[in-house]
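The values are calculated or read from the model by the stated rules, or taken from the named source; none is laboratory data. Since we're looking at a predicted model, the values are computed, not measured. Here the Cβ positions follow ideal geometry from the backbone for every residue, glycine too, while neighbour counts run over all protein chains shown.
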Amino acid sequence: MGSVTPIAQLRAAVEAASESVAGADGRARARPTLERPKQAGHGDYATNAAMLLAPVVGAPPRDVAERVGSELQSLLGEAVERVEVAGPGFLNLFLSHAWHTAALAHVLEAGTAYGGGAAAPAQRVNVEFVSANPTGPMHAGHARNAAYGDALARILAFRGHEVTREFYINDHGSQVRKFGESIQARARGAEPPEGGYQADYVRELAQALDGPADRDVMEVADAGLALMLERMRATLQAFGVEIDVWFSERSLHDGADPKVTQAFARLDELGQTYRSDGALWLRTSAHGDDKDRVLERSTGEHTYFASDLGYMLDKRERGFDRLLLVLGADHHGYVNRMRAAFESLGGDPEDLELLIMQFVHLVQRGERSSMSKRRGEFVSLDDLVGEIGVDAARWFLLQRSHDTTVDLDIDLAREQSSENPVFYVQYAHARIASIRAKAGAGRVEAALAEAGAHAGDLDPAERTLVKKLLAFGEEVAEAADRRAPHRIAAYALELAQTYTAFYRDCLVVGAEGEGVESFRLALSVASQRTLARSLDLLGVGAPDSM
RNA sequence: GCCCCCGUAGCUCAGUGGACAGAGCGACGGCCUUCUAAGCCGUUGGUCGCAGGUUCGAAUCCUGCCGGGGGCGCCA
C-alpha cells in the first residue's frame, strides 16, 4: 500500500468537492493549494479553492466556501472533525484523531522508502559536476560544486530518476603541455615558463613523479595528470562523492573517427557552421549568443569549445532525457554559448539545464576571506574538510540555495553544540536511537505493529510531528524538481526542531494510557528514519550516538 | 556598453500569488531529583532596496530606477 498518501487523499477530496460545486470545467480552471497554515487556529490544512472558484461560479467567495466546505465534510467523513470558512474565503480543515493515527501508519508502512520513488515520468538524467581542472588542486568552490552536484544526484535518484554522475576531465589542449613544462622546470630547479603553473603543488609533483627532469614533456604531463586525478578521486570519495563516469576530453579527439569530427559533420549537415578568415565558426548567434564562436582556428587547431560540441554529441547519443551541468560562478559567461551549442546539434532547449553555483566566502573570527586564486588565498577542499569535517562542510555548503553566495562560518561549523545546525539535527537522530535502546528492540517492534491504538487525546506536539513527517514527500519532490537540495537541509532542521518539541512535551518510554507509549515509539521511529533519509540525501552522516 | 546573480531582522539566509513575513546566529533573561543539559524555553528585533503597475489579495508577477557581486579572447 502507501501509493496514495494522506496528503494526496486530501487533495483529491478538495478537487472532487470543487468539481461538485463548479463542475469539471470550473475545477480544471482552478488549481487550489493545500497548505499547512502558519497559525494554529487555522486548522491542520487550509485550501484557497473557494476563492479561485468564486469567479467561475459567479458567487461571493465565502458562499462558495460554504458549499465546497460541506462537500468536503461529507467526502472526508470521519477523517475530518470540522471545516471552517475563514477570512476572505479560506477553508480550514481540522482533522481527526483517526486521520492522524492512520497517517502515521502510512508513513511506517512505506518503511525506509518513505518519501521517495514517485517521479512521473522517471527520466534518465546526467549530472555533470565538479569537473575541476586536473592541473590544479580543488578548492572550497569546488567543494560547493561537489556537494551540490552529489546531493542533487542523490535526491533525483531517490525521487525515482535514473542518474549518472559525471566528471569531465580537461586533459586536452595547450594547458596540458604547459603543465608538463612547469613540472619539468621545477624538477630541473628552474622557474616554470611564461603562463605556466607557479604554485607549490607543482614542485611537490616534480618530486613525486619518476624522473621528470629527463623524460618527454608530454609523458611528464600525463603522469602529472594521472597523479592529480587519482588524488581528486580520493578527495571526492572522502567527501562522500562517487563519480560514475570520468570522461576524458582527449578521448573526444582520439581514434579513427573522433567525436569532435563527427560533431563538425553533423553541424555541417544542419547548416550551423561556416568558414571565415580561415577558421570554422558555429552560428551560436542564431541561438541567443552575443556572437558566433570559433570551433577550429585558422591554424587547424580545435578550440576548447570544439570539445564541448563533441562532448554534447556524445552525451546525446548515450540517450539521456536531461543533461544537467553544474558550473562555477566564473563560468556563467559560457551559458549562452553552451545553450546555443546544444540547440545547434538539434537538442530541445528544455533538455539542457545549466546550474550556476555562486561563490563561497570563508569566514573565520568574523573575517571574510575569498576563494580567489589570484590573491592566492584559496583554501583547498582537503583543508576545508580537515578543518571542519565532511558532515559540517557538506551541510554548510548545501543549506543555501545554489544561486546565492555563501558565507561559510568556520568557527560555527566546528562548534559541537546546538548552535551548529548540523550538530543539532544529528543530535535529534542520536537522541531517538537512545530512546529506542531504552525501550528495547522487542518493545519497539511491538509498538510498530500497534501504532494506531492510541486511545487518548493526541497531544498537539504529536499532531504537529505527524504533519511534519507527512510533508517530507513534497519536500523531496520540490527539492528534486527545482534542483534545490537546500530545501532538504531546511526540512531536516525543522523536523529536528519539531521532534525536539515533541520530546520535551511527551514522555515516550513509560508513557501512561492505552497505546500511548506504542504510538510515541512508532512516531519516534518514523522521525528517526526520516531524519536519517534527509541527512543521507545531503551526504551527511546520521550517528546513533554522539 | 551588453549579459548573469543578489538586495527580506544587527549578521547569514529561507520563503517563485494567499490570512499577523520565518529560521539559524548574535544580544538579553530563565531552566539540570525526569528517555542525551553536546539540551530546552522565553524576550528582543523587519518601510521585504526605491517608485509605479497587474490582482479580491504581491516579498513573490510586470516595468523603470538605485546599490552590491560576477562575466564578456581564434585561452583552457
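Count, please, the residues in the stretch A:330-354 that happen to be touching a residue at least 60 places away in the same chain (Cβ under 8 Å) and either near RNA strand B (Cβ under 7 Å from one of its atoms) or outside the structural domain of residue A:243 (by TED's automatic domain parsing) (or both).
0
Would you mind listing the helices (runs of 4 or more DSSP H) fully within the stretch A:31-113 where at least 2 residues are crowded, with 17+ Cβ neighbours inside 10 Å and free of Cβ contacts under 8 Å to residues at least 40 places away in the same chain?
The qualifying helices (runs of 4 or more DSSP H) are A:49-57, A:61-76.
Looking at the stretch A:114-143 only, could you name the residues that are modelled with pLDDT under 95, more than 30 Å from residue A:202 (Cα to Cα) and part of a strand (DSSP E or B)?
The answer is none; no residue qualifies.
Where in the stretch A:462-546 are there helices (runs of 4 or more DSSP H), lying fully within it, with 1 or more residues that are away from RNA strand B (no atom under 13 Å from the Cβ)?
Result: A:472-481, A:516-538.
Looking at A:532, A:511, which one is surrounded by fewer than 24 Cβ atoms within 10 Å (Cβ to Cβ), under 21 Å from the mean Cα position of the chain (by Cα) and hydrophobic (A, V, I, L, M, F, W, C)?
Selected residue: A:532, the only one of A:532, A:511 that is surrounded by fewer than 24 Cβ atoms within 10 Å (Cβ to Cβ), under 21 Å from the mean Cα position of the chain (by Cα) and hydrophobic (A, V, I, L, M, F, W, C).
Could you tell me which residue of the stretch A:388-398 is farthest from RNA strand B (Cβ to nearest atom), considering only residues that are without any contact (Cβ under 8 Å) to a residue 40 or more places away in the chain and not aliphatic (A, V, I, L, M)?
Among them, the one singled out is A:389.
Look at the stretch A:309-328 and say how many of its residues are closer than 14 Å to residue A:166 by Cβ and either near RNA strand B (Cβ under 9 Å from one of its atoms) or surrounded by 15 or more Cβ atoms within 10 Å (Cβ to Cβ) (or both).
Residues flagged as closer than 14 Å to residue A:166 by Cβ and either near RNA strand B (Cβ under 9 Å from one of its atoms) or surrounded by 15 or more Cβ atoms within 10 Å (Cβ to Cβ) (or both) within the stretch A:309-328 amount to 12.
If you go through the stretch A:396-419 one residue at a time, how many are assigned to a helix (DSSP H, G or I) and within 28 Å of residue A:201 (Cβ to Cβ)?
The qualifying residues number 7.
Restricting to the stretch A:68-89, what's the tally of residues that are away from RNA strand B (no atom under 13 Å from the Cβ) and either under 13 Å from residue A:47 (Cα atoms) or of a type in the set (S, T, N, Q) (or both)?
5
Within the stretch A:293-308, count every residue that is part of a loop (DSSP other than H, G, I, E, B), surrounded by fewer than 16 Cβ atoms within 10 Å (Cβ to Cβ) and not basic (Lys, Arg).
4
Restricting attention to the stretch A:413-443, report how many residues are more than 10 Å from RNA strand B (Cβ to nearest atom) and surrounded by fewer than 20 Cβ atoms within 10 Å (Cβ to Cβ).
Counting residues in the stretch A:413-443 that are more than 10 Å from RNA strand B (Cβ to nearest atom) and surrounded by fewer than 20 Cβ atoms within 10 Å (Cβ to Cβ) gives 5.
So for the stretch A:399-412 (the condition being in contact with an Asp or Glu (Cβ under 9 Å, 6 or more places away or on another chain) and more than 11 Å from RNA strand B (Cβ to nearest atom)), does at least one residue qualify?
Yes, that holds for at least one residue.
For the stretch A:445-501, give me each residue that is under 14 Å from the mean Cα position of the chain (by Cα) and hydrophobic (A, V, I, L, M, F, W, C).
Matches in the stretch A:445-501: A:476, A:477, A:479, A:480, A:484, A:488, A:489, A:490, A:492.
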